[in-house]
Every structure is written in structure tokens, then in C-alpha cells.
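Some notes on the structure that comes next.
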Amino acid sequence: MWRLEQLAVQFDGKPAIENFSAQFDKNQITVILGPSGSGKSTLLRVIAGLQKPDSGQFFIDDLDATELPSHQRDIGLMFQDHTLFPHRNVSQNVEFGLRLKKIQRQERRRIVDEMLELVGLEGFNARDVSSLSGGEAQRVALARALAPRPSLLLLDEPLGALDRPLRDRLTHELPKVLRTTKTSAIHVTHDHDEAFAIADKLIVMDSAKALRIGSPMDVYNDPRSETVAKFLGLSNFVKIGDQRKVIAPQAASVDPNGNVPAVVTDVRLSTGLQETFFATNLGPLKFRLNESLSVGTSTILRIDLDQAATITSS
Amino acid sequence: MVLFLIPVIFISCFFAYPIAAILWNGLQSLDHFNQLTEVLRTPRSQKAIWFTFWQATVSTVITVLVALPSAAIISRMKKRSRKWVRAVITVPFVLPTIVVAGAFEAVFKQLGIDNGPLSLHHTSWAIILAHVFFNYAVVARTVGSFWSGLDYRVEEQARLLGANKWQAFWQVTFPALKPAIYASAVITYLFSFTSFGIILVLGGPRKATLETEIYRHAITRSDFQSASSLALLQLIAVLLLIVVSTRLERGKPAPKSISYRSSEQFSLKFRLTNWTFVSMFLGGPIMTLFLRSFSVGDGYGLSHYQALAYRVPQLPATALNAILNSLIFATVATFIAVAVGILASLQIVNGKPGLRSLFDLGLTLPLGTSAVTIGFGILIALDEPPFDLRTSWWIVPIAHALIGTPFVVRTMVPALRHINPKIREVAATLGASPHQIRRVIDLPIAMRGALVGAAFSFAVSIGEFGATSFLPRRPETLTAPIAMFRLLSTPGDLLRGQAMALSVILALIVATTVVVIESTKAGSEGSF
């Protein structure tokens, strides 16, 4: 169990992390979601021991580890790109941490092969790292980070530099690998699809602060603030009475006995799903419907407004 | 931690202390100061000072003019042929200066212009020709690789707006090239300004520069006072040149890695004319040197080479001994330079900010100081306790290492800086302590850069003449370039033939070293 308490980091007087407290549990994948510059990478660097906090503490199993140097924390780290050791081949990269742990050569070989198999790169052992594609390089980096079996693995936008199809595939594979190896992880990303695909627990961050912490479902269903809702890809903000609410894109259906008259203004495809845009008396709304409607159609929608989450505007 | 004192001690003892000795010699009292101005007032000194600036300026202008066409063609070459051409035109630059001088002597002899009305023997033009030959690659390579990094679409844009080829070049491309042209011109100027072996041999007694005057006062006349005064002036002049050059280079933008090169080649006529000129001008002297080393009487033979194994009265040992000495000194000097260079580089990159710039400065200054000044400084500083090294052969490799260390630092520091800091962080999270990171990440990566620096420093040591000519002449310290100079400066065809044979051997050793440099990745691109 890892715990941050009242953490604060400043760069040139500007806060990168403010008053941040959170707990990361064993065998869980925690995803930190936020735009670039929100402080999420700095947070990882503090946890890894690469950045000294200005104030606050970091605990490993209730022991204060704030001052513990990186190489003694047993915490692995994987960056976005270009961090393989250029003077070592694939095997030598993967076994780097094992050598430092003084693991015997035969055991090292066994673990390297196991790790390469795990990330789908059997037989790449002797390859020069400069000959790898972007996806292969990231798999090697993952294998290298996993090989010494760190108690906690930090992933800083590990898929950020890859092109879409590869990224989607690895988004799928990464949590599998992490769960197979029973690795606890903190994964940082700005992509909400990736976050939902991976997270056991979600932390939404913006402007140096944690805005919302919870399970992905809880956070999605109750984002609480407009900023968080926007990060999650939600856009249907409405005002009902004196309350602001956000309506999920799948929360509507076409129903002649519905409650909201609407006119279709646009229809678009977004990652394979059809999104229908409506003009309504609640304002412009966007839904994923089962039926296809053409632009200009007048219809009536059924929207359960009581189920919509209430948010505070921010 | 104590290891980092080694570069400090090395530079202090063998560079700072000798330079301080020159300063002390020149400035210790008003009396000395008057002597200083006195020697500068003699017509001979003034002529030498004027000639130093004049020949450096003319050499630089001509080098830039004749090397630009090659730079242009190189910039549009495909990667593989470019690498090859760059390597070939670099050969003159890495030749020991004394070999260059010998080669031009050979050419003048071959063309029959070593005497008579057209004679170039002991003229300014002989010196300038040799300087252009020597520095050609500096301009062609630096400008060529900078040019290939320019975005050609800008020139195409100008063409589309109605400019013809020449207008587009002069108004768009040429201004963009200026930083690279300035940078290479400044280097050429510095090399010509501090040129020694070429001027001593090709200029003869009539054409003197600051460098050869220091040598004449110190060695021929044993007048250390006058030599110190001139060395002081030389130090100031070079320092000013370096200040100007860093000013000029400050605005030099790094070319982008993704570039849009013209697919259109220059006209065949242009390329053919240029490469014919280049092969004659750069290849001719080397070929002539080669031929003359084999020419015996009216035919050809190996007798000049065989003669290298015999003692001649002009040399304290055989030429063969001198070659062996040179190889040993170069090896020892390279080891020292690499060791000191590595320790200093690590400090320059990872050290505390104040210390960092001190190391940087300390290891750049020897590069900017002329070899003659270094040699003279060692001569006057290390001949008495606490450092009486004049009786030890160590003085030669140490002086060479001093010249070689900046090369190691210059190639290692960029390699170290190039390491993505995240790589170190990853290593830390994988369990490497800061000390282990330095040992298993920084060092191995930087060693690839250091290899190039080591090869450079080896080549420099093999050909070093300026500093060595000030060091004691005894059988066990005789180096090949010094032996060559002795043979060259003695009249008589037999000894010249030997000098040519010795040149060819020196050139081959250096050429092998350069092949090593060019075949490594790190040496393939970039400027000087």
C-alpha cells in the first residue's frame, strides 16, 4: 500500500502539485487522468523518488519513504518513449534490473525469456534496440520494468507515442499483463478511453489538484464537477431548476411518449459509434441511439433526468 | 570523488603553470615589460605580426571560395556517397602539418617550380596553397552538412515566386548558410594563424609569423625573453579570435533533423569540374609525395625506405626509431588523454554548476592555445624543480596528451549530454544507485564518443610538431615529425627522399586512424 499525504511541489513558484492526498492499493491499477500540464507526471516522479516534494509525505506500507532514494524504493517506471539503453540489446535491457538485484545468470535468462514471452516478443533477445519499431520498443520497456518484479509499477503515458491501432491493442493487453504478473500499477494518461479500459481506480487531475477519486463507474456516473465530466468525454450539460446536471450519451431513447421534443442537427461517427446531435429546449445534446435518424428529423426523446448526475460548475 | 582532481592537477601542472610561466616571464617587472614592447617594436617582429594576420586572412578567404562548390554538391548527395566523399576529402586535414609541407615541397620539385622565375619555394603563396589544402575539408564538411540540413522548400518557394537559380541561392540559401560559413572560416583562420610546421618549412627563413618567431627566439637564439613577449601577444590574439568566434557562432541554429533536400542534382559539368579540381588539388600533393618516396635516381625503388633504418648525422637516432617512438608516445598520450578526458567530461556534464564551467574552460583553452605556445611554456616551466621533466621522455606524451584531451572532451561531452535524462531515471527505478548509473549507463554510452576523440588524439599525437619541436632533442624523445623536419631542412636529394618515405609512413598511420574514426557511427556526421 502506498500513500501520499498533503503533497505539494512547485516549479519556479508555480504549483505543479497542490495539497494532494491519495492511496494506492496492492494489486490494483490506479489511473491518473488529466490534461498535459496537470501535474500527473510530476506526481509519478515524486512517487519514484526522482522529484523531491516541497512538502508532504510519501508512505510505503505506513513507513515514511519520502527521503528514500529511487533505487531503494522497489518501484518501477516506464516512460512514453526513447528510454531503452541504446548501448544494450533487448536481453541486456530487460535483465538490467535483475543484474542489479544480483540474480544468477541462469535465473536471469529464464526471467528475460518469460518477460519477452509475456509481452509477445519471444526470440527478440539479441536484437539491437535501434532496430525495434515503436510498439516493440515499448513492449521491451514494459518487460524491462516488470522483470525485477517491482512492488509498484509507474506508467507515464506508456502508449502515448504509438499510433492508434497499436495503441488500442496494447491498451487491451497492458492490464492483462499487469494482472497476470499481479503487479500494482499507477498509470498516467490523458485519454479517457484508455483510462476506462485499464483502471480499477480513477483519479482525475487538473491544475495540480486531484478533482475526483473513485472507481471508474462511480466517477463516470457521478463526476461531480463540470471539469471532470468534460475529461470523461461527457458534454450534455443541462440546467434543470437551479441545478446543473450532466446526461450520459446513452441515457436517451426515442419514444413518442417521451419528455423532450428534439430536432436532429447532425449525425457523426465517433470511434465506430454513431452520435446524434439534437437541438432541444434543454440546449444542444448528443446521444448514442439504437436507431438511425436523418438530419432535420423532429422526434421526441425519453431522458431520465432524475438519473442524471448533478454537478457543480467550475 | 578524488578522481576528479586528476584533470585539475593535469591541467594545472602542464597547461596553467607553463602559461603562467610565460606571463611571469613577460610581465614580472617593468623592466621585462619594456623588453616586451621593445621586441614588438623591431621591424622583424612587426613584419612577422603583419604577415601572420595577412596570410591567415588570405588563406581563409581562398579556402572558403574553393571549398563552397564541394559543400554545395555534398549537401545534395545521397547519404552513402556523402559519407564516402566526406571521408576522402578529410585526408589532407588529418595529415600531419609537416607531411603537408613535405608534400608541397615535393610538388614544387616535381613541377620544377622550386627555383627559377616561377619558383614558389619559400614564398607566401606556398604557405597559402598548403593552408587551403589543409583546411579544405573544414569548410566543405561544415558547410556541406549544415546545408544538407536546410529546408530546400524555402529555395523552391523563392523559385516559384520568380527568382532564377542564382537569385534564389544568393538571396535565400546563402544568407541561411552564413552561420556555417562563419564558423568554418573562423576555424580555418585560427588554424592558419597558429600554423607552424607549414610556415617553418615552406616559408623558410624569409617568411616568418608569430609562431616561427617564437621558435626562432627560443630555440635558435635561446632568447626566452623575446620569445615570451611574442608568445604573450600570440595568446592575446588567439584569445580575441576565440571570443569573436563564439560570438559569431552564438546565432548558429542547429539544422532540423527532418530536411527536404533537393532531388535535383547539380549539373554534370559543374560536378565534373569540381571533382577534377578537388582530386588534382587534394590528391595531387599526396600522390606526388608517394611517387617521390619511391623514386630513386631515374627509376623507382625502395631504397629511401630502407635508408630509414640507418643513422644519418642529422638525426640523434634512426628514422625507424623515431617512428617507433611516435607510436609509443601516441599510445601513451591517448591513454592519458582518454583517462583525463573521461573524468573531466563527467564533471562538465554532471558536476556542480560553478565547477562545470571551470572544467569546461580549462579543457577548451588548450584547444585554443597554439601548440607552439604550449611547447614553449613547457620548455620554460618544466625545466627546473618542482617539475624537472626535461630529462624524462614522459614530457613528450604528456604534452601530446594535453593537446589530445580537449578532443576527447569535445566528443564525449555531447555524447553524454545526448543521453536522455529519463534513461538515467529508469535505471534508478530499476535499482541502480547514482554511482552505478554513472558506471553502467553514462560511461558505456559516452565511450562510443570517446573512441572518436581517442582516435583523433592518437592522430594528433602521431603528427604533432609544434609543441614537440620545443622539447629536448635526445635519441629517446625523437619523434617522426621532428625527424622529418630535420631531414627536410637539410639540403640534398638523398635526405629528402628519406623525408618523403617517412611522410608516407606517417600519412598511412594517420589514414588508418581516420578510417577507424569515420567507420564509427559518431564520426559520420557533424562538423569540426
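The values are calculated or read from the model by the stated rules, or taken from the named source; none is laboratory data. Treat the numbers as computed from the prediction; the structure is a model and nothing was measured. With ideal geometry, Cβ positions are generated from the backbone for all residues, glycine too; neighbour counts draw on all protein chains shown. When the accessible area is computed, the model is the full protein with side chains, heavy atoms only, and any ligands, DNA or RNA have been set aside. Shrake-Rupley method; radii C 1.70, N 1.55, O 1.52, S 1.80 Å.
Among all residue pairs at least 6 apart or on different chains, which show Cβ distances below 8 Å where the first residue, located in region B:266-288, is hydroxyl-bearing (Ser, Thr, Tyr) and the second is assigned to a helix (DSSP H, G or I) and open to solvent by less than 90 Å² (accessible area, probe 1.4 Å)?
Qualifying pairs under 8 Å: B:288/B:103; B:288/B:106; B:288/B:107.
Being open to solvent by 10 Å² or more (accessible area, probe 1.4 Å) and aliphatic (A, V, I, L, M) narrows it down to one of B:307, B:322, B:330, so name that one.
From the options B:307, B:322, B:330, the qualifying one is B:307.
Can you report the number of residues in region B:349-378 which are at pLDDT 85 or above and hydrophobic (A, V, I, L, M, F, W, C)?
Of the residues in that region, 5 qualify.
Hey, does region B:93-104 have a residue that's of a type outside the set (A, V, I, L, M, F, W, C) and open to solvent by 20 Å² or more (accessible area, probe 1.4 Å)?
The answer is yes; a qualifying residue exists.
Any idea which of (1) in contact with a strand residue (DSSP E or B) (Cβ under 6 Å, 6 or more places away or on another chain); (2) within 14 Å of chain B (Cβ to nearest Cβ); (3) touching a residue at least 40 places away in the same chain (Cβ under 8 Å) is the one residue A:84 doesn't satisfy?
Failing condition for residue A:84: (1).
Checking residue A:158 against (1) open to solvent by 10 Å² or more (accessible area, probe 1.4 Å); (2) within 14 Å of chain B (Cβ to nearest Cβ); (3) at pLDDT below 90, only one condition comes out false. Which one?
(1)
Applying the selection to region A:57-70, what residues are open to solvent by less than 50 Å² (accessible area, probe 1.4 Å) and free of Cβ contacts under 8 Å to residues at least 40 places away in the same chain?
Residues satisfying the conditions are A:65, A:66, A:70.
Where the second residue is crowded, with 19+ Cβ neighbours inside 10 Å and basic (Lys, Arg) and the first is under 19 Å from residue A:14 (Cβ atoms) and within 14 Å of another protein chain (Cβ to nearest Cβ) and lies in region A:28-56, which pairs have Cβ atoms under 6 Å and are six or more apart or on separate chains?
A:51/A:45
Considering region B:181-221 alone, what residues qualify as being basic (Lys, Arg) and either in a helix (DSSP H, G or I) or crowded, with 24+ Cβ neighbours inside 10 Å (or both)?
Across region B:181-221, the qualifying residue is only B:216.
Here is a yes/no grid of residues against (1) under 23 Å from the mean Cα position of the chain (by Cα); (2) closer than 17 Å to residue B:12 by Cα:
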residue: B:291; (1), (2): no, no
residue: B:321; (1), (2): no, no
residue: B:344; (1), (2): yes, yes
residue: B:351; (1), (2): no, no
residue: B:356; (1), (2): no, yes
residue: B:359; (1), (2): yes, yes
residue: B:368; (1), (2): yes, yes
residue: B:373; (1), (2): yes, yes
residue: B:391; (1), (2): no, no
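Can residue A:139 be described as of a type in the set (Lys, Arg) and buried (at least 21 other Cβ atoms within 10 Å of the Cβ)?
yes
Just wondering, is there one or more residues in region B:261-282 that are at pLDDT below 90, open to solvent by less than 60 Å² (accessible area, probe 1.4 Å) and more than 25 Å from residue B:109 (Cβ to Cβ)?
Looking for residues that are at pLDDT below 90, open to solvent by less than 60 Å² (accessible area, probe 1.4 Å) and more than 25 Å from residue B:109 (Cβ to Cβ), one finds at least one in region B:261-282, hence yes.
With over 22 Å from residue B:6 (Cα atoms), in contact with a strand residue (DSSP E or B) (Cβ under 9 Å, 6 or more places away or on another chain) and buried (at least 17 other Cβ atoms within 10 Å of the Cβ) as the only criterion, which of B:459, B:428, B:381, B:432 stands out?
Result: B:428 is the single residue among B:459, B:428, B:381, B:432 that is over 22 Å from residue B:6 (Cα atoms), in contact with a strand residue (DSSP E or B) (Cβ under 9 Å, 6 or more places away or on another chain) and buried (at least 17 other Cβ atoms within 10 Å of the Cβ).
Scan region B:126-156 for residues that are farther than 18 Å from residue B:96 by Cα and either over 16 Å from the mean Cα position of the chain (by Cα) or open to solvent by 10 Å² or more (accessible area, probe 1.4 Å) (or both) and report the count.
Final tally of qualifying residues: 15.
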